[in-house]
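Participant: Next up is a structure, given as structure tokens.
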Amino acid sequence: MSEKPQTAFVITANRLSDGTVVYLDDQSRWIEQLDGAPSTTHAAERDRLLAFARSCERDVCGPYVIDFTLRPDGTRSLSVRERLRALGAEDARRRLGY
Amino acid sequence: MYQYDEYDRRTVEQRARQLRDQVERRVRGELSEEEFRPLRLQNGLYLQLHAYMLRIAIPYGLLSSVQLRKLAFVTRRFDRGYAHFTTRQNLQLNWPRLEDVPSILDELAAVEMHAIQTSGNCIRNITADPFAGVAKDEDVDPRPYCEILRQWSTFHPEFAHLPRKFKLALTGATNDRAAIAVHDIGIRALRNDAGEIGFEYFVGGGQGRTPQLAERISPFVRERDLLSYTEAVLRVYNLDGRRDNKYKARIKILVKELGAPEFTRRVEEEHAKIKDDEGLVLDAREVARMTAYFEPPRYEAFTNGHTSLDGLRLGKDRPLARWVTGNVIAHRAPGYAIVQLSLKSKDLPPGDVTADQMDAVAELADRYSFGRLVVTHRQNLVLTDVPIRDLPAVHAALQAQGFATPNVGTVTDMIACPGLDYCDLANARSIPIADQITKRFDDLDFVFDVGPLTLNISGCINACGHHHVGNIGILGIDKMGEEFYQVMLGGSAGAGVGGGDASLAKILGRAFSADEIVDAVEKVVRTYVDVRNEADETFIETYRRLGPDPFKEALYGAHPAASQRTAL
Amino acid sequence: MALIQRRPSAPRSETGASAFEVAPCDAFIAVADDEPVPTGADVLVSLARFERDQTTLGATAGRLGVRLPSDRGLDPILAALARLSLVAIEFPKFQDGRGYSLARLLRGRHDFRGELRAVGNVLRDQLGFMQRVGFDAFELDPKFGPDGRDPAAALSAFDDFDVVYQAAADEPLPLWKRARSQ
């Protein structure tokens, strides 16, 4: 049997102080792990979270919504850009040999 | 080399102070990101995928050892110990913290450096022939004119908000090593039959999503008119350039839409009105003042021995011979040589250097090359004035630092943009592809046999990696959420790099996955080796003789038309 | 809406923050296209109104000002320039830099001596550039950020730099020609 894949949303931004990729968690905190960020499938909730994110001008820059497909097994299909963002700066440096 | 006067010094100090104030206003919450963004961009400060990036201007690529040591210090103190030289002859820091950037600018100001106009829709850092002043094929040293234009363009109040960014490149040599055909303005300084200096003037070249070669709009702009003519071009562009669509806003689109004759007519009409303005007429005294800054250093007179590279090229020391053949170029002064440092090795991404390497190169520049060095638009460094006598010692020192790979001008001397490892705009990674290509072509005998070949990689359509003018160009794209790479062939930035006249590369066929692309590149190279006429027919010559078909067949089989249809 | 102007007492050649002030009030009344023009008043009208009612405006108004959009060039006002006391050049977005060239040409080529005002998306960090191409009045709109709310603070932007390299409306000679005579 096949369940219909759902479109889900996570709010992301870059930290003002150093540009680190961050995600909005369910306590309205900005965290570095995508896995710790809850995703919502409700457009209204997405809009509420984005509005909140935009009010965090002093902490983060350029908040936006990542939308992805939530597969039936719970994994997320992300663009290559978002996969690399989610791996973080440390991983980027390791990949580059630094 | 130009030395700052009190005015230049004050300007860069005040610029650092202005940014410090702007950063403080942003951190205090008085400026929103939307308001702050254009301000930081005018200081070359970008927000990239994982971090801020600061682009530091290196006017026409010329550096002193003192400046390079400062860059090493800044890289170590405020970043993570390495930095990246770009195709605009600039240096980029990859991981600075926002609050440190004003301090970085203060440090740079102390050695006559800055990040002014390294971003934004203004006249960007001016680039030039990296061999300016030492090349044998040079008629006129372009650097005094670069400096005159740098000062004219610095905070030019009328042209700080152009429709789009604006890039100038200058050469004064027969062979174009500055890629003047793919700049918004490309200028070749030359002498007419009467011996007077003037400028062959090209406008409207560029890469990006609409690649175009520049049109020659004047065969000879008089020296006195350099500023007035350039001001006329910029005024026509500022008033008439498109502002309704950012992708059609570059001057190349204006030149294309109007046609070169009409564009030229508008420039000439404007120029006629301003050419005698006292504020714009360049006079001989100012040219002489600027030229004095770029006088050749006090060369030693080498009377016997050590005046030819041939001995070293044919010598028994094979690594030295190969290095002198590949990376060292004949100099205008007897007994001297131009030494190119390859920033393309197995150890670091193309164009990257560590702080320790910068210090070491600064030391070499002091010992062997009058304390000067140059950044090339192919992301290498040059020691411009090395005595031939010292080449073995310099070679040994460069080997120790990882700069002696004898691959300059070959398939592994790649241009590569930072790509999706760093860049917010990229669609695909460039650096891992460059790394794989370096490893695939690690047989120097084969690389030497293949000969002159430019391979340029961009991680997106913006073409920072100059894929349109690579003999082989690779363009990263995002195809259904995965990284894919298109192969383009037949590009050339000009006679100095890649051979012949400038030309734009054409897409060969469907794109390749990250796993396939290096095999595809190797097939292209091996096909060239198979079909070239003689061992000395270069890749671009072969491509121009035969066209894309042998390469298409090698990559896509016998039915190139079918693969063309599915090309992205 | 805040207005920064050159101090009436400041000579044209004076630069820096001390030459400017936050205007206590705007001498020109902005008149909408469908509003009657108050007799004898100094008025600022749109270019459309100006083109439509040129003759009657001259008869009723006091001093006359026109708002010039950034995308029409100078042709619509050149013939009537002598009758204009104010040209307000519009900056629909701060990135739209056509107004800088228009101002430079009005001052240099057409010898316009009246008030030249920058209006629209005018920001503190552009004031220095604008002053250099010939603007002597700057309207700061609070909707475009903090400068319009605190125009007095924005005045300090005129002091950010005290070196100018190239000739412009404020300075007939480039630095290298000026430095020579010192």
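Participant: What is the residue count in the range B:240-253 for residues that are within 14 Å of chain C (Cβ to nearest Cβ) and either among the hydroxyl-bearing types (Ser, Thr, Tyr) or surrounded by fewer than 19 Cβ atoms within 10 Å (Cβ to Cβ) (or both)?
Facilitator: Qualifying residue count for the region: 5.
Participant: Still on this structure, please answer the following. Going through the range B:254-271 one residue at a time, which ones are exposed (fewer than 13 other Cβ atoms within 10 Å of the Cβ) and of a type outside the set (Asp, Glu)?
Facilitator: B:GLY259, B:PRO261 - these are the residues of the range B:254-271 that are exposed (fewer than 13 other Cβ atoms within 10 Å of the Cβ) and of a type outside the set (Asp, Glu).
Participant: Moving to a separate point now. Tally the residues that are more than 27 Å from B:PRO157 (Cβ to Cβ) and either over 16 Å from the mean Cα position of the chain (by Cα) or small (Gly, Ala, Ser) (or both), restricting the search to the range B:82-109.
Facilitator: Residues meeting the conditions: 12.
Participant: Out of all the residues in the range C:107-135, which are in a loop (DSSP other than H, G, I, E, B) and either under 19 Å from C:ILE77 (Cα atoms) or within 8 Å of chain B (Cβ to nearest Cβ) (or both)?
Facilitator: Result: C:ARG109, C:HIS110, C:ASP111, C:PHE112, C:ARG113, C:GLY114, C:LEU123, C:GLY134, C:PHE135.
Participant: Hey, another quick one. Please work out which residue is surrounded by the most Cβ atoms within 10 Å (Cβ to Cβ), limiting yourself to the range B:1-16 and to residues that are basic (Lys, Arg) and either touching a residue at least 12 places away in the same chain (Cβ under 8 Å) or in a strand (DSSP E or B) (or both).
Facilitator: Ranking the candidates gives B:ARG15 first.
Participant: In addition: How about the range C:59-106: which of its residues are surrounded by 18 or more Cβ atoms within 10 Å (Cβ to Cβ), of a type in the set (Lys, Arg) and within 14 Å of chain B (Cβ to nearest Cβ)?
Facilitator: Once the filter is applied, which keeps residues that are surrounded by 18 or more Cβ atoms within 10 Å (Cβ to Cβ), of a type in the set (Lys, Arg) and within 14 Å of chain B (Cβ to nearest Cβ), the range C:59-106 yields C:ARG98, C:ARG104.
Participant: Could you check the range B:1-28 and list, in sequence order, the residues that are closer than 30 Å to B:GLY133 by Cα, within 11 Å of chain C (Cβ to nearest Cβ) and touching a strand residue (DSSP E or B) at 6+ places or on another chain (Cβ under 7 Å)?
Facilitator: Listed by number, the list holds a single entry, B:VAL12.
Participant: Among the strands (runs of 3 or more DSSP E) contained in the range C:1-47, which hold 2 or more residues that are without any contact (Cβ under 8 Å) to a residue 24 or more places away in the chain?
Facilitator: Ranges flagged: C:43-46.
Participant: Please specify each residue of the range C:20-54 satisfying the condition of being among the charged types (D, E, K, R) and touching a Gly at 6+ places or on another chain (Cβ under 8 Å).
Facilitator: C:ASP42
Yes or no, residue by residue, for (1) touching an Asp or Glu at 6+ places or on another chain (Cβ under 6 Å); (2) at pLDDT below 95; (3) more than 28 Å from B:ARG143 (Cβ to Cβ):
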position: B:TYR2; (1), (2), (3): yes, no, no
position: B:ARG17; (1), (2), (3): no, no, yes
position: B:ASN43; (1), (2), (3): no, yes, no
position: B:SER65; (1), (2), (3): yes, no, no
position: B:PHE78; (1), (2), (3): yes, no, yes
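Participant: Among the residues of the range B:411-434, which ones are surrounded by fewer than 24 Cβ atoms within 10 Å (Cβ to Cβ) and part of a loop (DSSP other than H, G, I, E, B)?
Facilitator: Result: B:CYS423, B:ASP424, B:LEU425, B:ASN427.
Participant: Here's something else I'd like to know. Within the range B:131-154, does at least one residue satisfy the condition of being farther than 22 Å from B:ARG242 by Cα, within 11 Å of chain C (Cβ to nearest Cβ), in a loop (DSSP other than H, G, I, E, B) and over 14 Å from the mean Cα position of the chain (by Cα)? Write out each step before concluding.
Facilitator: Taking the range B:131-154 and keeping what is farther than 22 Å from B:ARG242 by Cα, we get B:131-152, B:154.
Right, trim to within 11 Å of chain C (Cβ to nearest Cβ) and you get B:147-152, B:154.
Among the residues that remain, those that are also in a loop (DSSP other than H, G, I, E, B) are: B:154.
Next cut, over 14 Å from the mean Cα position of the chain (by Cα) only: B:154.
Yes, that holds for at least one residue.
Participant: Being at the interface with chain A (Cβ under 8 Å from one of its Cβ atoms) and in a loop (DSSP other than H, G, I, E, B) is the filter here, so list the residues in the range B:29-45 that pass it.
Facilitator: Once the filter is applied, which keeps residues that are at the interface with chain A (Cβ under 8 Å from one of its Cβ atoms) and in a loop (DSSP other than H, G, I, E, B), the range B:29-45 yields B:GLY29, B:SER32.
Participant: Among the numbered criteria (1) exposed (fewer than 15 other Cβ atoms within 10 Å of the Cβ); (2) under 14 Å from the mean Cα position of the chain (by Cα); (3) at positive phi, which single criterion is violated by A:GLY74?
Facilitator: Unmet for A:GLY74, out of (1) exposed (fewer than 15 other Cβ atoms within 10 Å of the Cβ); (2) under 14 Å from the mean Cα position of the chain (by Cα); (3) at positive phi: (2).
Participant: Looking only at strands (runs of 3 or more DSSP E) that fall completely inside the range B:292-362, which ones have 2 or more residues that are away from chain A (no Cβ under 14 Å) and β-branched (Val, Ile, Thr)?
Facilitator: Qualifying strands (runs of 3 or more DSSP E): B:328-330, B:336-341.
Participant: Cβ-Cβ under 9 Å, sequence separation 6+ or interchain: first residue in the range B:80-100 and touching a residue at least 12 places away in the same chain (Cβ under 8 Å) and at the interface with chain A (Cβ under 8 Å from one of its Cβ atoms), partner among the small types (Gly, Ala, Ser) and in a loop (DSSP other than H, G, I, E, B). Which pairs?
Facilitator: B:TRP95/A:GLY19; B:TRP95/B:ALA51; B:ARG97/A:SER17; B:ARG97/A:GLY19; B:ARG97/B:ALA51; B:LEU98/A:SER17; B:LEU98/A:GLY19; B:GLU99/A:SER17
The values are calculated or read from the model by the stated rules, or taken from the named source; none is laboratory data. Fair warning: this is a prediction, and the values are worked out from it, not measured in the lab. We place every Cβ from the backbone using ideal geometry, glycine too, and count neighbours over all the protein chains shown.
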